[in-house]
Structure formats: C-alpha cells, structure tokens
Amino acid sequence: MKLLDQLHTLIFRGKEYNGSTKIFKYPYSGDIVKKREEIWQNLQNGLLLEDTGVFVPWTLPFYEVDNIREQKKERADRTEWYLGKRIILDGYEAQLELMRWKFIADDKPIKRLSENLGRDEQGLERFNYLREYLTNLFGEPTNVDLQKFGDADIGSISWENGDIALSLVGIEHFDLRYTFHIGMKITNAAY
C-alpha cells in the first residue's frame, strides 16, 4: 500500500493523496445519467485506471510515464509505452498504450492513450463490441463517419465532451486495422 501511495504522490505531482481525498469520482453512481457525468468529469482531467485506483492526468509529462508502464520500446523515431491490461470507463478492460515521437520533448504532457483493437475480423468484432459498450455508457455518438469496406465498417465514431474525445477508428492499410483513442481532442497530427 505504501508503494501505491508513493505512486499516487508522483502522479499527482506532489499533491497530497491519503486515500480519502481524491481528485476523481469513483466508484460511480448506479444512476446512468449521474454515472455519465462523473466519468466525463474525470475525463476532463485524465483517465482513471479503475483496477489500480491510479489517475493518469492529461498534464502528466512523458518522462513520468515510466512510473506507470509495464513495457517500453525505444524505436528510431518514437518511444512506445504499454500500460498493460487496465480496467477503465466503468469496467471496460483495455490494453492501453501511449506513443511519443522523438521530436516531441519529454516534458510535454501526454494528450491521449490508445488501444489497438486488432485487425480484420478480430478487430472489427472488438470495434463493434466497444461501439455498443460506449453507446450504452455515454449515449449516442457525437460523430459517426463510417463507410462499408466489403462487409466491414471503416471510418470513425466519436463521443465528445468539452476538450475530450473517445474515438473508434477503422482504416484499410493492406488489411483492416482498428484502434480506440481516449483523451484530449487532437488538432496537431504530431500527437
């Protein structure tokens, strides 16, 4: 428990965390409308890893991601972090990851986390599952821009609130690839 408290202190950038004073709402209300409000309120500041109680703020600089990652890969043009299986958004189990291009300074804050949903039929199945899950949790999507590619859907679906977007994206690039993004609305493709 002491290690978890130290991790919270590091993530909250020196703010006191004693287990009773939280900057996030959890557990969520049983009322769906109130639950939506609580989750959106949390997301405005960061992502709660519900299984560990760790809150990852959108102000977290890249150099501090090492403190919450399970794996890290250095590549010629980017650094990739894998946070492992984490429970988020009222029970969804995600394989979260994060990437920083080398030309972006490591003291810049993270903007979003992602999950690779898979390729082809497996990816489409996860895409459709998560689409239904997020619709049940947040209501109808804010934007839907899908087209058919054979029997599959490609394009994007997003739920937006304030500066935050949750997006499901399917593309065709030699095969079908599906991804889930959660975090700040991105206007600069470098992030």
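For the reader, a short list of remarks on this structure follows.
- When the surface is traced with a 1.4 Å probe over the full set of protein chains, residue 58 keeps roughly 20 Å² accessible.
- Calculated mean projected area of the Cα convex hull in nm² (choose from (i) 14.1; (ii) 17.2; (iii) 11.6), label: (iii)
- Additional length obtainable on full extension of the chain from residue 63 to residue 128, 0.36 nm per residue less Cα span: 20.0 nm
- Ranked by the mean number of other Cβ atoms within 10 Å per residue, highest first, peptides 42-52, 81-91, 171-181 order as 42-52, 81-91, 171-181.
- Inter-probe distance in nm under a simple model that places probes 7 Å from Cα toward Cβ, at residue 104 and residue 186: 0.7
- Note on segment 37-162: lysine pairs with Cα distance below 24 Å, sequence gap of 8 or more or different chains, count 10.
- Relative contact order for segment 83-191, counting Cα pairs under 8 Å that sit 6 or more residues apart, in percent: 25
- With a Förster radius of 25 Å applied to the C-beta separation of residue 95 and residue 148, the computed FRET efficiency comes to 0.35.
- Under the simplified labelling scheme, the residue 34-residue 140 pair shows an inter-label distance of 2.7 nm, with each label point 7 Å from Cα along Cα→Cβ.
The values are calculated or read from the model by the stated rules, or taken from the named source; none is laboratory data. It should be emphasised that the depicted structure is a prediction, and the values quoted were computed from it without experimental measurement. So basically every Cβ, Gly included, is an ideal-geometry build from the backbone, and we count neighbours across all protein chains shown. Remember, those area values only see protein heavy atoms, side chains included, never the ligands or the DNA or RNA. Shrake-Rupley method; radii C 1.70, N 1.55, O 1.52, S 1.80 Å.
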